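Asker: Let me begin by handing over the structure; questions about it come next.
The values are calculated or read from the model by the stated rules, or taken from the named source; none is laboratory data. None of these values were measured; they are calculated from a predicted model. Backbone-built Cβ (ideal geometry, glycine too); neighbour counts: all protein chains shown.
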Amino acid sequence: MPTTITMPQLGETVTEGTVAQWLKKPGDAVEKYEAFVEVSTDKVNAEVPSPVTGVIRELIVKEGETVPTGAPIAIIDDVAAGAATPEPTGSGSPSEQVAAAAGDRNAEANHQASDEPVPGGNVGLSGPTYSAPAPSNAASGNGASSGVAPGGVRVSPAVRRLAREHRIDLARVRGTGANGRITANDVLEAAKAGPSAAVAAMITTAKEEPHPIPAPPPPTPPPTTSAPPTPTTTPPPPPPTPTPQERAKPSYAGARPGELIPLTQARKIIAQRMVDSKHTAPHAWTMTEVDVTNVWKWRVREKDAFEKAYGVKLTLLPFFIRAAVESLAAFPLMNASFTDEGIRVHRDVNVGLAIAAGGNLIVPVIRHADQLSVKGLALAAGELIDKARRGKLGADDLAGGTFTVNNTGANGSILSAPILVPGQTGIVTTEAVVKRPVVRDDDSIAIRSMMNVCLSLDHRVVDGAVASGFLSDLKKRLEAMGPTGSL
Amino acid sequence: MTNVEAVRTTLHDALARDERVLIMGEDVGARGNVFLITKGFLEEFGAERVVDTPLAEASIVGVAIGMAMEGLRPIAEIQFADFIYPAFNQIVGEAAKTRYRSNGDYTCPLVIRTPYGGGVRGALSHSVSIEALFYHVPGLTILAPSTPADIKGLLNAAIECPDPVLFLEHKKTYRSVKGEVPSGYYTIPIGKADVKKAGTQLTVVSYGYNLHQALEAANRLEGEGVSVEVIDLRSIRPMDKGAILASVRKTRKLLIIHEDNKFGGIGAEISAMVAEEALFELDAPIRRLAGPDVPAMGYAQPLEEEFMTSTDEMVEAMRELAKF
């Protein structure tokens, strides 16, 4: 029975998804709960597990295509339902392929019990579809049906298992058994030389191969507007000999083009959103410097006990977020979105954390961050960072941010101009904490732990006064934190 | 020593060795058994230990069960396996269940010997194979050795066994099969099959008279370059699954040969066991050669031959399976 797979709703607020990458192709076996497609929503690629064990029949949506949630994206022939009917073209028995590729003993047993043919005899290895010569029925005389189904040969459980173990493409093994049946010994012989060599050694000759692998098409000639050149025996004139001056010139004609890294779907999305943000929201930027000496001391005092108690390293980040959300409460316009209808000031304070993970930039969200203490923020941030690094973030982890904190200082940066997350008014950075001499208000000079805090803002929503006020407020709150505080 | 001589000497030694051992059955005393197995035993061991019984199989086994439960070691003989049916209830309903129903307080160290099988023009009431009627029953051990040495070792083991043993002797092998027999007392563990011939391309599991035919067939095929491994089951229950599986895992092909009817026979059990345990080792359908589904073996030679699997048929089946 075929199962139609639809674009999943990967989060409450998600209404569409982009097929980032198909992890399977038509004909491939897929096990229940095995990821078979990457779907992109927001800024993350989520691997979607198959709800059934079966074989991919059709991929309806192309990679890069965005469809609404609930839209059909693929069809899987459900092996478990016992309806894996071989295609008339002999493109493969779904149950067989599943059993072979997934090592599913039950599926294999089911297949054997049904005595289905194994079109192609393919055991899940890549290779062309096999159309074996159709031998006549083996006259074993034991009452067992040993005929050959159109387009395929039967293989025994032992052959299937050995082929899988030794990675032998049965389509290329010549059978020595009755009427050309592939025996277990044939597979073992093929395996003696190792998988690839075995395959090569056992390839049937072109004469014997009923459906040889098609040769690659001839190279397409370059487009031309003139008539094809007339064949001639006259050799072309030699290129002109360069003069000494020309030889002395540096030439870049032969410069190597460098490596071209294909765009991943995640990178495409990141790029598009950055462009959208820059094109949509007029960014302004401001910065302040903060004396974090005291909060640093506080952190140092607490960090060992904290890590021991909660298993999470205590960094400066939760202190910073705590100060930021308090400042957001004082400057609610910084926690807002510009819309055509007006400026939407958000009731919730959901702080996104910009994290680099797996080569991508992702922004998971601490929901209701204003309701969390420093400890709560540390634990929430630690969990999100851990999930990000393990690739376990879900769409809900990424949705709903109203303001973003970017911890650029973790990489040693002391100044940065972050790009707003689309729809948000502010993004603030914590730069590296640097010890340096500071002239204080009482004209003394002291060695202090200083940190720059940078803010990018949507100038449509707020102007310099609000932004500066927010930043100053944040500075004051951070500088007011000290070792006497409570986490 | 022939098979029948092996039975005789083993019984004789058992009687001589252990006073608890006694033999009872129809014509085992003065007549010395229809195959002369116990000839002279009555004179040597006395009427209390070599007991002629009436033609009443239920009584033979029933009385023997009582003796066994009271500490003796009775060896009850059913003159031909075809006559065992009246004793079915005693064997299945009582002997096999004694240990279980008494929670181990009582055991039933009883041996029931009986000649079985065809090939001797025994006809309707002297040719039957009965193993499938009994192997379904837990609590019952069924032995069917095929060679003199195995007969001695397994009969000794059966007499020692604290639970009831059905000891099957294929009458066709009584005098047609000869072999070396180790001197002195020894036993062969119950439940252990024996690889009578090692091979690589095909496993044949058999027992009784068929075992010897299978060996002959395998030896013939050796000349054709076909290597057949022949396993003598010896113990039908408990069955030596390990030996069978090990062999099948090596050869990947299995042929089961037995004389009993094919439907529901021991071959069905072995086949199912292998399918359950070693499906992914199999490179060919499991095959069985067995008796046809007719109620009995005919007396007429063509009918008897039709029932019995010939060595030629075995050769052909092995050849096809090896080639598969």
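Asker: Those residues that are assigned to a loop (DSSP other than H, G, I, E, B), under 13 Å from B:A68 (Cα atoms) and of a type in the set (A, V, I, L, M, F, W, C), I need them from segment B:84-108; list them, please.
Answerer: Result: B:C108, single match.
Asker: Further question: For segment B:281-294, what are the residues that are within 14 Å of another protein chain (Cβ to nearest Cβ) and either under 25 Å from B:D240 (Cα atoms) or in a helix (DSSP H, G or I) (or both)?
Answerer: Passing the criteria: B:E281, B:L282, B:D283, B:A284, B:P285, B:I286, B:R287, B:R288, B:L289, B:A290.
Asker: Here's something else I'd like to know. In segment B:295-324, which residue that is within 14 Å of another protein chain (Cβ to nearest Cβ) and either assigned to a loop (DSSP other than H, G, I, E, B) or surrounded by fewer than 16 Cβ atoms within 10 Å (Cβ to Cβ) (or both) is nearest to the chain's Cα centre (by Cα)? So that I can check it myself, show each step before the final result.
Answerer: Let us first name the residues in segment B:295-324 that are within 14 Å of another protein chain (Cβ to nearest Cβ), namely B:309, B:312-324.
Those still in the list that are either assigned to a loop (DSSP other than H, G, I, E, B) or surrounded by fewer than 16 Cβ atoms within 10 Å (Cβ to Cβ) (or both) too: B:309, B:312-313, B:316, B:324.
Values: B:T309: 17, B:D312: 23, B:E313: 22, B:E316: 25, B:F324: 31 Å.
Restricting to residues being within 14 Å of another protein chain (Cβ to nearest Cβ) and either assigned to a loop (DSSP other than H, G, I, E, B) or surrounded by fewer than 16 Cβ atoms within 10 Å (Cβ to Cβ) (or both), the top hit is B:T309.
Asker: Say we look at segment A:387-421 and pick out the residues that are within 14 Å of A:A356 (Cα to Cα) and assigned to a helix (DSSP H, G or I); which of these is farthest from the chain's Cα centre (by Cα)?
Answerer: Result: A:G409.
Asker: So, restricting to strands (runs of 3 or more DSSP E) that lie completely within segment A:327-377, which ones have at least 3 residues that are surrounded by 14 or more Cβ atoms within 10 Å (Cβ to Cβ) and touching a helix residue (DSSP H, G or I) at 6+ places or on another chain (Cβ under 7 Å)?
Answerer: A:351-357, A:360-362
Asker: Being within 12 Å of chain A (Cβ to nearest Cβ) and more than 17 Å from B:G208 (Cα to Cα), is that true of even one residue in segment B:254-268?
Answerer: Yes, that holds for at least one residue.
Asker: List, please: which pairs have Cβ atoms under 7 Å, are six or more places apart or on different chains, and start with a residue in segment B:297-312 that is under 12 Å from B:S127 (Cβ atoms) and end with one that is in a helix (DSSP H, G or I)?
Answerer: Partner pairs satisfying both residue conditions: B:M297/B:E304; B:M297/B:F307; B:G298/B:E304; B:G298/B:F307.
Asker: Can you find a residue that is among the small types (G, A, S) and at positive phi anywhere in segment B:87-99?
Answerer: no
Asker: Sticking with this structure for a sec: Specify which of the listed residues (B:L211, B:L155) is under 21 Å from B:A246 (Cα atoms), within 12 Å of the chain's Cα centre (by Cα) and of a type outside the set (S, T, Y).
Answerer: None of the other options fit; the residue is B:L211.
Asker: Turning to a different aspect of this structure: In the set B:G223, B:G208, which member is away from every other protein chain (no Cβ under 14 Å) and at pLDDT below 95?
Answerer: Sole residue among the options that is away from every other protein chain (no Cβ under 14 Å) and at pLDDT below 95: B:G223.
Asker: While we're on this one: Please state which one of A:G54, A:G64 is among the small types (G, A, S), over 30 Å from A:N360 (Cα atoms) and at pLDDT 75 or above.
Answerer: Testing whether each residue is among the small types (G, A, S), over 30 Å from A:N360 (Cα atoms) and at pLDDT 75 or above leaves just A:G54.
Asker: To continue, here is another question. Every residue in segment A:155-171 that is within 19 Å of B:V248 (Cα to Cα) and part of a helix (DSSP H, G or I), please.
Answerer: Result: A:P157, A:A158, A:V159, A:R160, A:R161, A:L162, A:A163, A:E165.
Asker: Among the listed residues B:M24, B:M69, identify the single one that is touching a Ser or Thr at 6+ places or on another chain (Cβ under 9 Å) and either surrounded by fewer than 21 Cβ atoms within 10 Å (Cβ to Cβ) or farther than 15 Å from B:R113 by Cβ (or both). Can you show your working first?
Answerer: Working: B:M24 fails: either surrounded by fewer than 21 Cβ atoms within 10 Å (Cβ to Cβ) or farther than 15 Å from B:R113 by Cβ (or both).
Being touching a Ser or Thr at 6+ places or on another chain (Cβ under 9 Å) and either surrounded by fewer than 21 Cβ atoms within 10 Å (Cβ to Cβ) or farther than 15 Å from B:R113 by Cβ (or both) holds for just one of B:M24, B:M69, which is B:M69.
Asker: Taking segment B:77-91, which residues are in contact with a Gly (Cβ under 9 Å, 6 or more places away or on another chain) and either farther than 16 Å from B:L55 by Cβ or of a type in the set (A, V, I, L, M, F, W, C) (or both)?
Answerer: Just the residues of segment B:77-91 that are in contact with a Gly (Cβ under 9 Å, 6 or more places away or on another chain), to begin with: B:77-82, B:87, B:89-90.
Passing the criteria: B:I78, B:F80, B:A81, B:A87, B:N89.
Asker: Can you tell me which of B:A272, B:A217, B:A278 is more than 14 Å from chain A (Cβ to nearest Cβ) and of a type in the set (A, V, I, L, M)?
Answerer: Working: B:A272 fails: more than 14 Å from chain A (Cβ to nearest Cβ); B:A278 fails: more than 14 Å from chain A (Cβ to nearest Cβ).
Answer to the selection: B:A217.
Results for (1) outside any helix (DSSP H, G or I); (2) of a type in the set (V, I, T), shown as yes or no for each residue.
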position: B:S129; (1), (2): yes, no
position: B:G139; (1), (2): yes, no
position: B:I142; (1), (2): yes, yes
position: B:Y186; (1), (2): yes, no
position: B:Q213; (1), (2): no, no
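Asker: Counting only residues that are of a type in the set (G, A, S) and within 18 Å of the chain's Cα centre (by Cα), which one in segment B:256-294 is surrounded by the most Cβ atoms within 10 Å (Cβ to Cβ)?
Answerer: My answer is B:G267.
Asker: Quick one: would you say B:K197 is of a type in the set (K, R), within 20 Å of B:G265 (Cβ to Cβ), without any contact (Cβ under 8 Å) to a residue 40 or more places away in the chain and out of contact with any Gly (no Cβ under 6 Å at 6 or more places or on another chain)? Talk me through it step by step, then tell me what you get.
Answerer: Working: of a type in the set (K, R): yes; within 20 Å of B:G265 (Cβ to Cβ): no; without any contact (Cβ under 8 Å) to a residue 40 or more places away in the chain: yes; out of contact with any Gly (no Cβ under 6 Å at 6 or more places or on another chain): yes.
So B:K197 does not fit the description; no.
Asker: Still on this structure, I have one more. Of all residues in segment B:36-65, how many are part of a loop (DSSP other than H, G, I, E, B) and either more than 19 Å from B:K171 (Cα to Cα) or out of contact with any strand residue (DSSP E or B) (no Cβ under 7 Å at 6 or more places or on another chain) (or both)?
Answerer: Count: 12.
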